[in-house]
Amino acid sequence: MQLSDIKDLMAQFDQSSLKEFSYKNAEDELAFSKNENKGATIAPAVNTLPASPVVEATPVPTVHDAPEASAQPSMGSVAEGDLVESPLVGVVYLSPGPDKPAFVSVGDQVKKGQTLLIIEAMKVMNEIPAPQDGVITEILVSNEEVADFGKGLVRIK
């Protein structure tokens with residue numbers, strides 16, 4: 001099973017009302033769960049080829065209200081606002097070009113749909129829009145950093 005197939009399944013599972021999903025064939029075994037398990041676990045599948053992983057993942061919503069500790073804490077406290085999370089894996093670009101100003105900065109007012117940053121995945125530039133109107137309270141990623149699926153990008157209050 002290709003990584004892109006797994007990502008598609010994860011995205012569809014995330015959008016569904018299912019709490020658990022599992023898939024198994026002669027080579028692969030996947031298990032997704034929206035239960036309270038934290039993090040992702042990869043382990044060898046039982047009775048399959050050695051390269052076959054079992055993937056158990058807890059998908060996360062794009063925006064949520066619960067404050068979380070950021071990778072870059074600002075003055076020892078977590079900024080207020082809704083966390084905008086990465087919808088895909090890729091390289092983050094905070095500006096449209098190397099010598100261009102950043103799309104947004106802390107304290108900027110943003111409108112729903114306004115570009116916050118770009119994530120490059122498989123040579124495609126994906127604009128990440130603001131999910132709501134508000135003020136940028138924290139930027140959690142740096143330019144050219146690799147963002148994983150579900151990683152916090154910015155906070156909007």
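Observations on the model:
- Scanning the stretch 117-136 for residues that are within 17 Å of V146 (Cβ to Cβ) and surrounded by 14 or more Cβ atoms within 10 Å (Cβ to Cβ) gives L117, I118, I119, E120, A121, N126, I128.
- Taken across the stretch 148-155, residues that are touching a residue at least 60 places away in the same chain (Cβ under 8 Å), out of contact with any strand residue (DSSP E or B) (no Cβ under 6 Å at 6 or more places or on another chain) and surrounded by 14 or more Cβ atoms within 10 Å (Cβ to Cβ) do occur, with at least one present.
- Residues that are modelled with pLDDT under 50, more than 25 Å from M122 (Cα to Cα) and surrounded by 14 or more Cβ atoms within 10 Å (Cβ to Cβ) within the stretch 1-60 comprise A45, T48, listed in sequence order.
- Of the listed requirements (1) closer than 25 Å to D14 by Cβ; (2) in contact with a strand residue (DSSP E or B) (Cβ under 6 Å, 6 or more places away or on another chain); (3) among the hydrophobic types (A, V, I, L, M, F, W, C); (4) surrounded by 14 or more Cβ atoms within 10 Å (Cβ to Cβ), L94 misses just one: (1).
- Applying the criterion of being at pLDDT 85 or above and outside any loop (DSSP other than H, G, I, E, B) to the residues of the stretch 67-105, the residue that is nearest to K7 (Cα to Cα) is G90.
- Candidates S95, S105, filtered to the one that is more than 25 Å from K34 (Cα to Cα) and in contact with a Phe, Trp or Tyr (Cβ under 7 Å, 6 or more places away or on another chain): S95
- The C-beta contact set for the stretch 131-142 (first residue of a type outside the set (A, V, I, L, M, F, W, C), second residue buried (at least 17 other Cβ atoms within 10 Å of the Cβ) and not in a loop (DSSP other than H, G, I, E, B), distance under 6 angstrom, 6+ apart or interchain) comprises G134/I156; T137/R155; E138/R155.
The values are calculated or read from the model by the stated rules, or taken from the named source; none is laboratory data. This one's a predicted model, so the numbers in the text were calculated from it and none came from an experiment. When we count neighbours, we look across all protein chains shown, and the Cβ atoms used for this are built from the backbone with ideal geometry, even at glycine.
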